[in-house]
Amino acid sequence: MIRYISKKFAFMIISLFCLVTATFILMNAVPGSPLQKEKATSEQIQKNLEAYYGLDKPLITQYGIYMKNLVHFDLGISMKKKFQAVDKIISDSFKYSLKLGIASVITSVIVGCILGIIAAMYHRKMLDNLSMIIAVIGLSIPSLVMAPMLQYLLAVKIRAFEVAGLNGPLDYVLPTIALSSASIAFIARLIRSTMIEVLNADFIKTAKSKGLAGHLIVWRHALRNSMLPVVTFLGFLMANVITGSVIIEKIFAIPGLGKFFVQSVSDRDYPLIMGITIFYAVILMISRLLADIAYVLVDPRIRISGGKVGK
Amino acid sequence: MQTETKTGALHPEMFKPTDRIPGNLEKIERNRLTAWQDIRLRLLSNKLAMTGLWIMVVVILFAVLAPLFSANNHFTNDLVNTNQAPSVKHWFGTDDLGRDLYVRTWKGAQVSLFVGVVAGLIDLFIGIIYGGIMGYYGGKVDEFMNRFAEILYAIPYLLVVILLLVVMEPSLLTIIVAMSITGWINMAWIVRGQIMQLKNQEYALASKALGAGPMRIIFRHLIPNAMGPILVTLTLTVPSAIFTEAFLSFLGLGVQSPVASWGTMINDGVKSMTLYPWRVFFPAFFLSLTMFAFNVFGDGLRDAFDPKLKS
């Protein structure tokens, strides 16, 4: 087990190293510099600015310095937001994204499970079809359609919620729904298919013949065994939340990390792009690693020595 | 005496032994179906999947034909008639520059479908070659190629896309290239798994014994037999590519005006949603409809290929 985790961890570090290097090369290959302004600046000022941000040194030295700082968790200073450290920008904006992300993960798991259970219990009946139609619709309506739709119907027409911002607890409702719809659908389908299989297993028949009530069978026996695939879904869920948050934050005007990421790309703010890329990559890789570990821990049937663990 | 059961009329005559004609004992009374006929039959009887297929056909037809047969075109500004509601002249209304939204919506469909199909085909091409070689040779080759894919896979997909867009000009080509960099890995793993299962089958061994080279065995014998899972993966790649294009265009990182794309149209429409809701409605509706169609068709195809679901 420890060997497996350390191997995965080593791969994570290699991937991260490749990503950082590739990002660094890509960004320096772009013509134009973040220091170029609309107004003409004198040559001396330009030189001083370059020296300040260390852009006058040869590329390989810049790369060395960046790597050295990175090992010390120093992501540098933003070139567009005056004198703000990149890690400060990230930690300030990430708290909004984090709250929204947690709300979304919890909502997806709970609602997804409920839909999936209903579908499995009433397999091939009305309720099954209904929840699966809801799931397919959730999967087909992308967040960039879902968010404006909710905004228009519930905030503009009915005025039940604020159109934008994130000031009170009620303001979380719309962004959370928009962010979760795809994951809800995915989890519901996952739970349904495993649960249908589990409900036909022998131990369920035993429970039934013991005279256990229907809801107890589902709750105590079937659900636990059906939760396994959802654990592996964690990595995908995180990726989905992060990708989605970029759009949701834009539509609902939330000052989260996703918004800064897009902004930094169009601003060509090198340190900020690098910083956020690395930050996102680390979060995603760690959640994928955790999902892998959790999967092995939760399901004793999986043996690591037998090659690759489920993707 | 006849017994009526719930499953329809069962008559005792149905259970009479057939006449024993010598020489005819091995005859199979039921119509024999090849694997592909069976799959087609099951796909055709899946109503939801067929609905998806019909929607796909209609959207493709409109995307190709509608811009050709309309009196308007997608880039002419008409500053007198801006933000018009849907009417006889402009079926879907006009945008803030007076451009006809009916034509723009179908031009957007062209972009989305083009990106979806081309990205899907590139994934297919690279995935089959890479996965085929990986699966057939096994051992060290497999180990090495798999490590490379794993490292690439660990790098979050969205980050690669956005980083590449920093370097290259935002355009259709950039989007497709960016999506293909990591998109093929999933396909490669599917192909690898299939090839590993198939390579020890008798027909592959026979071909090897007759002196066929590895490439011939892989591409002439193994890949055609792995076509089922490959096709399913392909149909499910297309909607995710369509979504990514819309996502990037929505963020302003994709295709640029005056070229229409569903993503950019939604982005434009959201800004004035309270006043002119139709500007966001039509692109959003057709984007969702197309993704719905591809998703349900892909699901139906997967079910049709899965012999376990045969009833």
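Between the chain alone and the structure with every protein chain in place, find the residues of segment A:231-265 that drop at least 20 Å² of accessible area; heavy atoms, 1.4 Å probe.
A:THR243, A:VAL246, A:ILE247, A:LYS250, A:ILE251, A:PHE261, A:VAL262, A:VAL265
Within 14 Å, Cβ to Cβ, of B:VAL296, how many net charges do the neighbouring residues add up to if Lys/Arg are +1 and Asp/Glu are -1? Don't skip to the end; give the middle numbers.
Working: positive: A:ARG189, B:LYS47, B:ARG302; negative: B:ASP299, B:ASP303.
Local charge sum for B:VAL296: +1.
Relative to the Cα centre, what is the charge dipole magnitude of chain A, using +1 at the beta carbon of each Lys and Arg, -1 at the beta carbon of each Asp and Glu, and rounding to the nearest 20 debye? Working shown, then result.
Values: 33 positive and 17 negative charges, 189 e Å.
Computed charge dipole of chain A: roughly 900 debye.
Can you give the accessible area of B:LEU33 in Å² (nearest 10), computed on protein heavy atoms with a 1.4 Å probe?
Its heavy atoms expose roughly 80 Å² to the probe.
Roughly how far apart, in whole Å, are the Cα centres of segment B:166-201 and segment A:114-183?
If we compute the Cα centre of each part, the gap is 31 Å.
Hey, what's the protein assembly as shown come to in accessible area per residue, 1.4 Å probe, Å²? Walk me through the intermediate numbers first.
Working: 32650 Å² over 622 residues.
Per residue, the protein assembly as shown has an accessible area of 52 Å².
Please turn the phi angles of segment B:286-301 into ³J(HN,Hα) values with the Karplus equation 6.51 cos²θ - 1.76 cosθ + 1.60 (θ = phi - 60°), one per residue in order, whole Hz, x for glycine and proline.
Values, residue by residue: 6, 4, 5, 4, 5, 5, 4, 4, 5, 5, 5, 5, x, 4, x, 5 Hz.
If the viscosity is 0.890 mPa s and the temperature 25 °C, what translational diffusion coefficient in µm²/s does Stokes-Einstein give for the protein assembly as shown when Rh comes from Kirkwood over Cα pairs?
Rounded, D is 89 µm²/s.
State whether segment A:119-244 is rounded, prolate or oblate according to the following rule on the C-alpha gyration tensor (a ≥ b ≥ c being the square roots of its eigenvalues): a/c under 1.5 gives rounded; otherwise a/b larger than b/c gives prolate, and the remaining case gives oblate. Provide the component values of the computation, followed by the final result.
Values: a/c = 2.53, a/b = 2.24, b/c = 1.13.
Prolate, because a/c is 1.5 or more and a/b exceeds b/c.
Can you list the residues, at least 5 places off or on another chain, whose amide H is less than 5 Å from the amide H of B:VAL259, using H built in the peptide plane?
none
Using Cα pairs under 8 angstrom and six or more residues apart, how large is the relative contact order of chain B, in percent? Don't skip to the answer; put the middle values down first.
Working: 387 pairs, mean separation 73.2, N = 311.
Once normalised by length, the contact order is 24 percent.
Output wanted: per-residue J couplings in Hz (rounded whole) for segment A:69-74, from phi through Karplus 6.51 cos²θ - 1.76 cosθ + 1.60, θ = phi - 60°, x for Gly and Pro.
Result, rounded to whole Hz: 5, 5, 4, 8, 6, 9.
Would you please give the residues with an amide H less than 5 Å from that of B:GLY98, counting only those at least 5 places away or on a separate chain, with H modeled from the backbone geometry?
B:ASP78, B:ASN83
Give, as a single signed number, the net charge of other residues whose beta carbon lies under 14 Å from the beta carbon of A:LEU170, with Lys and Arg counted +1 and Asp and Glu -1.
Numbers: positive: A:LYS99, A:ARG159; negative: A:GLU162, A:ASP171.
Neighbourhood net charge equals 0.
Helix-derived [θ] at 222 nm for the protein assembly as shown: sum -39500 (n - 2.57) over DSSP H runs of at least 4, divide by residue count, nearest 500? Intermediate values should be presented prior to the final figure.
Values: 23 runs with 403 residues, N = 622.
Calculated from helices alone, the mean residue ellipticity at 222 nm is -22000 deg cm²/dmol.
Rounded, prolate or oblate, given the Cα gyration tensor of chain A, with a/c below 1.5 counting as rounded? Write out the running numbers ahead of the final one.
Details: a/c = 3.49, a/b = 1.70, b/c = 2.06.
Note, shape of chain A comes out oblate.
How large is the dipole of segment A:87-256 about the Cα centre if only Lys and Arg carry +1 and Asp and Glu carry -1, each at its Cβ, rounded to the nearest 20 debye?
Values: 15 positive and 8 negative charges, 116 e Å.
About 560 debye.
Under a Cβ-only charge scheme (Lys and Arg +1, Asp and Glu -1), can you give me the dipole magnitude of the protein assembly as shown about the Cα centre, in debye to the nearest 20? Could the numbers behind the result be given before it?
On the way: 58 positive and 38 negative charges, 293 e Å.
Its charge dipole is roughly 1400 debye.
Could you sort B:THR105, B:THR237 by their accessible area in this structure, using a 1.4 Å probe and putting the largest first?
The most accessible residue leads, giving B:THR237, B:THR105.
Taking a probe of 1.4 Å and counting only protein heavy atoms, give the total accessible area buried between chains A and B in Å², rounded to the nearest 100.
Numbers: alone 18100 and 18280 Å², together 32650 Å².
So the total buried area for this chain pair works out to about 3700 Å².
With a 1.4 Å probe and all protein chains in place, put B:MET187, A:MET67 in order of accessible area, largest first. Display every interim value, and only then the final one.
On the way: B:MET187 5, A:MET67 35 Å².
These residues rank, largest area first, as A:MET67, B:MET187.
Which pairs, out of A:LYS125/A:LYS210; A:LYS125/B:LYS47; A:LYS259/B:LYS271; A:LYS250/B:LYS271; A:LYS95/A:LYS259, put more than 18 Å between their alpha-carbon atoms?
Working: A:LYS125/A:LYS210 26 Å; A:LYS125/B:LYS47 16 Å; A:LYS259/B:LYS271 16 Å; A:LYS250/B:LYS271 11 Å; A:LYS95/A:LYS259 13 Å.
Listed pairs above 18 Å: A:LYS125/A:LYS210.
What is the set of long-range amide H partners of A:ILE77 at a cut-off below 5 Å, with H atoms built 1.01 Å from backbone N?
The answer is A:VAL86.
Count the net charge of all other residues whose Cβ sits under 11 Å from the Cβ of B:ASN77, scoring Lys and Arg as +1 and Asp and Glu as -1. All intermediate terms of the calculation are to be shown ahead of the outcome.
Working: positive: B:ARG99; negative: B:ASP78, B:ASP95, B:ASP96, B:ASP100.
Net charge in that neighbourhood comes out at -3.
Counting pairs of Cα atoms in chain B, how many percent are more than 30 Å apart? Don't skip to the answer; put the middle values down first.
Numbers: 24503 of 48205 pairs.
In whole percent, the share of Cα-Cα pairs in chain B beyond 30 Å is 51.
Considering only protein heavy atoms, with the full assembly of protein chains and a 1.4 angstrom probe, order A:LEU144, A:LEU166 by accessible area, largest first.
The ordering from most to least exposed comes out as A:LEU166, A:LEU144.
Under 8 Å for C-alpha pairs, at least 6 residues apart: give me the relative contact order for chain A, rounded to a whole percent.
Numbers: 312 pairs, mean separation 75.2, N = 311.
Dividing the mean separation by the residue count of chain A yields 24 percent.
Tell me which of A:THR194, A:GLY235, A:ALA182 sits at the most positive position along the dipole axis of segment A:87-256, charges placed on C-beta atoms (Lys, Arg +1; Asp, Glu -1).
Working it through, the farthest residue towards the positive pole turns out to be A:THR194.
Using alpha-carbon pairs under 8 Å, 6+ residues apart, how would you state the relative contact order of segment A:87-256 in percent?
Across segment A:87-256, relative contact order equals 35 percent.
Run the 1.4 Å probe and let me know the accessible area of B:ASP96, rounded to the nearest 10 Å².
Spelled out: B:ASP96, probe radius 1.4 Å, area about 80 Å².
Tell me, what % of the accessible area of the protein assembly as shown is carbon and sulfur with a 1.4 angstrom probe?
Values: 21430 of 32650 Å².
Solvent-exposed carbon and sulfur of the protein assembly as shown make up 66 percent of the total.
Which whole-Hz couplings ³J(HN,Hα) result when phi for each residue of segment A:194-204 is put into the Karplus expression 6.51 cos²θ - 1.76 cosθ + 1.60, θ = phi - 60°, listed in order with x for Gly and Pro?
Using θ = phi - 60°, the values come out as 5, 5, 4, 5, 5, 5, 8, 6, 5, 5, 6 Hz.
The values are calculated or read from the model by the stated rules, or taken from the named source; none is laboratory data. Keep in mind the model is a prediction, meaning the values are calculated, not measured. Ideal geometry is used to build each Cβ from the backbone, glycine not excepted, and the neighbour counts take in all protein chains shown. Please note that ligands, DNA and RNA were not included when accessible areas were found on the heavy atoms of the full protein model with its side chains. Shrake-Rupley method; radii C 1.70, N 1.55, O 1.52, S 1.80 Å.
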